[in-house]
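Remarks on the structure that follows.
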Amino acid sequence: MIAPARSLTHPADEVLRHGPMRVLRYRPLRAETPASRPVLLVPSIINRAYILDLREGQSLAGHLLEQGLDVFLVDWGTPSAADAHLDLEAYAVRLLRRAIRGARAASGAEAVHLLGYCLGGTFALIAGACGVPGIDTICALTTPVDLSEPGPLSVLTDRRLVDLERLCRAYPVVPGPALWATFQALDPVGIPRKYRRAGERWRDREQRERFRAQEAWLNDPVPMTARVLRDVVDGLYRKNLLAKGELRVAGRPVALARGTQPVLNLIASSDSLVPPACARPLADLWGGPVTTREFAAGHIGVTVGSRAPRDLWATVAQWLRAHQPTKELPS
Amino acid sequence: MIFPHERFQKLFTESAQRCEQWAADWWSEHLRKPETLSGMGDMLGAMCTLKERWNKGLEQTWAHWRLPSALDMERLYERLGELEEHIARLEDQLEDAPQRPQTPAQPVEA
């Protein structure tokens, strides 16, 4: 097994720490002033944040820095027993609001662009719909929204498999390796298959390094509080509350139709974890304008695959450039 | 011209692919069966029961020594979380509130 790596590729400074969460600001690559409106990258809570800055040539954050943008990253950290009370509301509204405020204070900007990956995208949409201040636009990358047909994950969220209340009582913080093993159980043959395929391309240095970096990230699972797991599995997956408009956060219903920010919905057509059918309905559910783009890639490959620079990264950078309101980006 | 080692490699790859496909199909079919799901659920349930008993034992031990338990700490952190949320709301209100104009201090008449 390839050992996990826990560092970002590009240098970044911590601007805020709250509970397990940190907000990091990347140092600009060039001396000139970065764009006026910063980008806040919001990864999923299921895996480590550095997937968005994996290695040179596999870094969405690095590409945005090259475009002259001011890039911040939310690192959800590793929840401990002290964080066991964190639920969906805490992550999607309380912590994210703090992160946005931290990014605004550090950059002096009125608002930020949110770029949420997977569940991070769902959190960003919930925050937008709840009226969290300081959100200019949202990029939702492989974001589950309508989970009426969740694909292979329906097995993991089956009521016969997991009694969530019991799980909450027994494991206030669910260990990362247990979550990792559960995902592997969906396709145990996938492990020898990917190693065989990697072996076939082992002479290609670039392919080898790519495989190593991705495996190091995959073998670095994060624990999750049982409460957020319960809210996600029961509320989003089993009951599909977000798409139905019945999800309640802080006692108030979350209506995606109330969201007003422009959204870029980025879908991976070969995604098995978030099938396109779970992400496409955002265009109908969201209140503001939604631009949808689909890429021929999988859930991880869309962000760090060999075609990501010309597909996903270019699309995101173009969108963010188009939505810089006050100041032109350096060319 | 195909060299013997290339032929062997091709044969190996094809066999491996067939085995993988067969195993993946078999697993996918069995994983979705109600009895498999219920069996795995029972196993997970048993694990949870064991862990719950362990947690309860620890709670009682801490209580016996008049020490705060993990549950006490969790409750405390939850209250702290609520307090933080309250502060964050107040901060938001302050941020959104219109700036009050600064009025010059009036001289106090004797």
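The values are calculated or read from the model by the stated rules, or taken from the named source; none is laboratory data. These figures come from a predicted structure and were not determined experimentally. Here Cβ is always computed from backbone atoms with ideal geometry, including for glycine, and neighbour counts include all displayed protein chains.
Numerical summary
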| item | result |
| --- | --- |
| Wholly enclosed helices (runs of 4 or more DSSP H) of segment A:109-205 bearing at least 1 residues surrounded by fewer than 18 Cβ atoms within 10 Å (Cβ to Cβ) | A:153-156, A:164-170, A:176-186, A:190-200 |
| Test: residue in segment A:29-40 that is of a type outside the set (Val, Ile, Thr), under 23 Å from A:Pro144 (Cα atoms) and either modelled with pLDDT of 95 or more or buried (at least 21 other Cβ atoms within 10 Å of the Cβ) (or both) | yes |
| Segment A:147-173 - residue that is among the aliphatic types (A, V, I, L, M) and within 11 Å of chain B (Cβ to nearest Cβ) and, of those, farthest from B:Gly39 (Cα to Cα) | A:Val173 |
| Those residues of segment A:91-124 which are hydroxyl-bearing (Ser, Thr, Tyr) and within 14 Å of chain B (Cβ to nearest Cβ), in sequence order | A:Tyr91 |
| Number of the exception - A:Thr143 against (1) over 28 Å from B:Arg53 (Cβ atoms); (2) of a type in the set (Val, Ile, Thr); (3) within 14 Å of another protein chain (Cβ to nearest Cβ) | (3) |
| Residue within segment B:39-52 that is under 30 Å from A:Ala250 (Cα atoms), modelled with pLDDT of 90 or more and surrounded by 12 or more Cβ atoms within 10 Å (Cβ to Cβ) present | yes |
| Residues located in segment A:72-90, provided they are of a type in the set (A, V, I, L, M), at the interface with chain B (Cβ under 10 Å from one of its Cβ atoms) and not in a helix (DSSP H, G or I) | A:Ala84, A:Leu86 |
| Verdict on B:Thr13 being over 30 Å from B:Ala70 (Cα atoms), of a type in the set (Ser, Thr, Tyr) and assigned to a helix (DSSP H, G or I) | yes |
| Test set (1) acidic (Asp, Glu); (2) within 30 Å of A:Ile100 (Cβ to Cβ); (3) more than 9 Å from chain A (Cβ to nearest Cβ) - B:Glu78 fails condition number | (3) |
| Spans of helices (runs of 4 or more DSSP H) in segment A:279-325 with at least 1 residues farther than 29 Å from A:Leu218 by Cα | A:282-285, A:314-322 |
